[in-house]
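Note sheet for the following structure.
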Amino acid sequence: GAGAVAVAKGGGLPTTLAAPTKSMADPLPSWLYREAYQLWSRWRASRWVRTTSRATSPTDDAAAGLRLEVDTSPRACLAASARLGLRRPFFAGDKVSIARAGGRELDQPEEAVVLGAFRGALWYRIETQRGEGGHEGAYRPWCWMPSDVEGLKLATRSPAVPPALAKAVNSTNLARLPTYRGGKLRIVFDGGAVIRDGLEIDCSEVVGEVAVGVVVRASERRINSCNIARYHISHGGVSGWVSEKIRGGDEALIMERVVPGSEGSEEGAEGGDADKDKASANANAEGEAGKAKSAAEVAAEAQMDADEAEEVAAGDEVDGVVDHWLAKLRGPLEASAMVEGGGDLYAHLEAWLDPSSCPESKREAALVPNLGAFRTLASARSVAGAGAGA
């Protein structure tokens, strides 16, 4: 009878499963079990959080905002961080300081909390906002775009990151995807290139110039909100952003990538003697400047060399960048384990990366490994409940 079904008290999982007998009619349809099993599997993964956003949907209440389920798992947040071109990844629960909005520096930085990833984007919610009040929906979640990254800074790491891993996590950088990679560039526009102190052109100040024919090295490439590719460079003692093309008009190239091994080639080889002389003079000036590089500039060059080697090792795909980061993370953990005797560091790491790997979750997975076992458990409970109600 129903009393023979081993159902744990207090709603917990039973230690054994017993299928209902023929005399115990199952009152629930099959489709309900399938959907319930899918929902239970998502819930057991301990990674999904339902929230609303500033967006609206014809199927949702417009006043409440579009509902979405963000993935709070470290791997999903790593992938979203890589798509943003972040060197230091953000994870669910991180507090982030926002110093710029629309390219303009804020008088008072805002603070946001990272919620997780949804459809490849990293979502956040404003916790403290400049000024008084704010329009309705200002505190609802939204996602960062690549042009929003300037001015973002990690304020507080999420409490979900195990303290034993915090140091290694904070010191491990993400490799950049191809769209964010810099490299050596030659200025080809006759008027040279203008260096500005911000990614956005209209709200940034001019801090320097680069003459035509000069070869520079960019640490990063990024598309701004006007869909203009910009490169971050250091030249002549200043650092800032330069455009790949002229904005508007024929969108003439300002700079082009230097093919490895051709750094010494003269710009304007197909032009007249005046063009050759001009390019040669600028190249000579660049050479003289290179002889007087400061220690900071030499260190920056070395860092860019290391970053480029790391990018080659990580590959051109998001999954490869994430796997490379995780492999790098295990290196410092190995050293810490050997020095400090932290034999359980890997256990902390696995529990953080996959909450369903904890012993209780593994017990649940072993007890209910598939839909058939889930239906046996759920139908036993539903029949027992129906019998109790009768």
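The values are calculated or read from the model by the stated rules, or taken from the named source; none is laboratory data. Predicted, not measured: the structure shown is a model, and the values here were computed from it. Here the Cβ is made from the backbone with ideal geometry for all residues, glycine too, and neighbour counts use every protein chain on show. For accessibility, only protein heavy atoms count, side chains too; no ligands or nucleic acids. Shrake-Rupley method; radii C 1.70, N 1.55, O 1.52, S 1.80 Å.
What the table shows:
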{"quantity": "Members of the stretch 96-113 that are closer than 21 Å to residue 140 by Cβ, charged (D, E, K, R) and in contact with a Lys or Arg (Cβ under 8 Å, 6 or more places away or on another chain)", "calculated": "110, 111"}
{"quantity": "Sole residue being open to solvent by 30 Å² or more (accessible area, probe 1.4 Å) and modelled with pLDDT of 95 or more, chosen from 257, 221", "calculated": "221"}
{"quantity": "In the stretch 41-57, residue modelled with the highest pLDDT [restricted to those that are more than 20 Å from residue 76 (Cβ to Cβ) and more than 22 Å from the chain's Cα centre (by Cα)]", "calculated": "56"}
{"quantity": "Residue match in the stretch 88-106 (condition: out of contact with any strand residue (DSSP E or B) (no Cβ under 7 Å at 6 or more places or on another chain), part of a loop (DSSP other than H, G, I, E, B), modelled with pLDDT of 95 or more and closer than 17 Å to residue 176 by Cα)", "calculated": "yes"}
{"quantity": "Any hit, the stretch 162-185, residues being on the phi < 0 side of the Ramachandran plot, touching a Pro at 6+ places or on another chain (Cβ under 7 Å) and in a helix (DSSP H, G or I)", "calculated": "yes"}
{"quantity": "Long-range neighbours under 8 Å by Cβ, at least six apart or interchain, first residue touching a residue at least 24 places away in the same chain (Cβ under 8 Å) and charged (D, E, K, R) within the stretch 154-165, second open to solvent by less than 60 Å² (accessible area, probe 1.4 Å) and in a helix (DSSP H, G or I)", "calculated": "157/166; 157/169; 157/170"}
{"quantity": "Selected residue (criterion: nearest to residue 183 (Cα to Cα)) from residues of the stretch 236-254 that are modelled with pLDDT under 90 and out of contact with any helix residue (DSSP H, G or I) (no Cβ under 8 Å at 6 or more places or on another chain)", "calculated": "237"}
{"quantity": "Residue within the stretch 85-94 that is in contact with an Asp or Glu (Cβ under 9 Å, 6 or more places away or on another chain), under 22 Å from residue 172 (Cβ atoms) and open to solvent by less than 30 Å² (accessible area, probe 1.4 Å) present", "calculated": "yes"}
{"quantity": "Test: residue 285 is in a helix (DSSP H, G or I) and modelled with pLDDT of 75 or more", "calculated": "no"}
{"quantity": "Any hit, the stretch 58-77, residues being over 28 Å from residue 314 (Cβ atoms) and hydroxyl-bearing (Ser, Thr, Tyr)", "calculated": "yes"}
{"quantity": "Test set (1) charged (D, E, K, R); (2) within 22 Å of residue 247 (Cβ to Cβ); (3) surrounded by fewer than 20 Cβ atoms within 10 Å (Cβ to Cβ) - residue 186 fails condition number", "calculated": "(3)"}
{"quantity": "Subset of the stretch 62-75 that is open to solvent by less than 20 Å² (accessible area, probe 1.4 Å) and outside any loop (DSSP other than H, G, I, E, B) - its residue that is modelled with the lowest pLDDT", "calculated": "68"}
